[in-house]
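Peer 1: Submitted below is the structure of interest, expressed as structure tokens.
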Amino acid sequence: MIAMLLAAGRGERMRPLTDTIPKPLLEAGGKSLIVWHIENLVRAGFTEIIINHAHLGDLIETALGDGSRFGVRIRYSDEGMALETAGGVAFALHLLGKMPFAVINSDIWCDYDFSRLSERAAALGANGDIAHLVLVNNPTHHSNGDFYLRNGRILPSGDQHLKADDSKLTFSGIGVYHPSLFSPISRGAKAPLAPLLHAQIALGKISGELHQGSWVDVGTPQRLAELDMRISSKHNTP
């Protein structure tokens, strides 16, 4: 199974840090955000990773190389100009193949067990779903959430199975997708992911799960500094 790490974003909210360093290479706990993911993917048994990039992408390729030092093969999808999430995946489809693959935002930090993604990918082929999303409890900076989850299914707003006390959960930036989800997008076109997901949710073709472990959307310098202190403190505890 192939994993794709999304690393093409400009990281506007991280400026001025990202003026000279691509966001995925920003460090927390002594490692860059993207290296945390690569190491966790390798531990989970992944042997091939695709990384897209645009802003300062040459620095990403120089820092990570072909992946051999991590024990994985890394290939790159150079977009030139960031194509947004769905556009970036569609641009890299020729590298991702015809089987379901994992896509992970490189600007998050988590302790999710990536080995679970292989099971989710196998399930897509068996049950006809087109995607599986990992959700988390809403962080304070995103209190309204993104999607409803009930009994392992992502439900659209207004679904008859929703209860009055149901609340939306936040998309973690971790998902498994069948390549056909991205087939409507022309290669090189900019396209967000949300419209594709909402269309398939309405058709009942997306499953989901709740990750209740550690997860951080490293979207601001403050959250990066807090994460760095958290990881460093944990590692320095006797």
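Peer 1: Over the chain, how many pairs of lysines fall under 30 Å by alpha carbon, counting only those 8 or more apart in sequence or from different chains?
Peer 2: Total qualifying Lys-Lys pairs in the chain comes to 12.
Peer 1: On to the next question. If each DSSP helix of 4+ residues adds -39,500 (n - 2.57) and the sum is divided by the residues in the chain, what number results at 222 nm, nearest 500 deg cm²/dmol?
Peer 2: Working: 7 runs with 68 residues, N = 238.
About -8500 deg cm²/dmol.
Peer 1: Return the sequence-ordered ³J(HN,Hα) values of the stretch 75-88 in whole Hz as given by the Karplus equation 6.51 cos²θ - 1.76 cosθ + 1.60 applied to θ = phi - 60°, using x for Gly and Pro.
Peer 2: Taking θ as phi minus 60°, the curve returns 10, 10, 10, 8, 7, x, 10, 4, 9, 6, 4, 5, x, x Hz for the stretch 75-88.
Peer 1: Rank the residues V72, V176 as a footprinting-exposure proxy: fewest other Cβ atoms within 10 Å of their Cβ go first.
Peer 2: On the way: V72 18, V176 27.
Lowest count first: V72, V176.
Peer 1: Evaluate the distance, in nm, between pseudo-label points positioned 7 Å from the Cα of E119 and of M81 along their respective Cα→Cβ axes.
Peer 2: 4.3 nm
Peer 1: Ok, one more. Work out, step by step, the length gained on full extension between N138 and V42: first 0.36 nm times the residue separation, then minus their alpha carbon distance; give nm to one decimal. The partial results should precede the final answer.
Peer 2: On the way: separation 96, 0.36 × 96 = 34.56 nm, distance 2.81 nm.
Between N138 and V42, full extension yields an extra 31.8 nm.
Peer 1: Taking 0.36 nm per intervening residue step and subtracting the Cα-Cα distance, what contour gain separates A63 from A194 on full extension?
Peer 2: Numbers: separation 131, 0.36 × 131 = 47.16 nm, distance 3.08 nm.
Using 0.36 nm per residue and subtracting the Cα-Cα distance, I get 44.1 nm.
Peer 1: Residue by residue through the stretch 209-226, which ³J(HN,Hα) values in whole Hz follow from phi under the Karplus form 6.51 cos²θ - 1.76 cosθ + 1.60 (θ = phi - 60°), with glycine and proline marked x?
Peer 2: Each residue's phi maps through the Karplus curve to give 8, 9, 8, 10, x, 6, 7, 9, 8, 7, x, 9, x, 5, 5, 5, 5, 5 Hz.
Peer 1: What is the set of long-range amide H partners of G97 at a cut-off below 5 Å, with H atoms built 1.01 Å from backbone N?
Peer 2: Amide H neighbours of G97, under 5 Å, 5+ apart: none.
Peer 1: Here is a follow-up. How high is the relative contact order of the chain, in percent, with contacts defined as C-alpha pairs under 8 Å that are six or more residues apart?
Peer 2: On the way: 459 pairs, mean separation 61.4, N = 238.
Normalised by residue count, the contact order of the chain is 26 percent.
Peer 1: Please list 3J(HN,Hα) in residue order for the stretch 27-32, calculated via the Karplus relation 6.51 cos²θ - 1.76 cosθ + 1.60 where θ = phi - 60°; whole Hz, with x for glycine and proline.
Peer 2: After applying 6.51 cos²θ - 1.76 cosθ + 1.60, I find 9, 9, x, x, 9, 5 Hz.
All of the numbers you see were taken from the coordinates with simple rules; none came from a lab. Because the structure is a prediction, the values reported are computed rather than measured. Don't worry about glycine lacking a Cβ; one is built from the backbone with ideal geometry, like all the others, and counts go over all protein chains shown.
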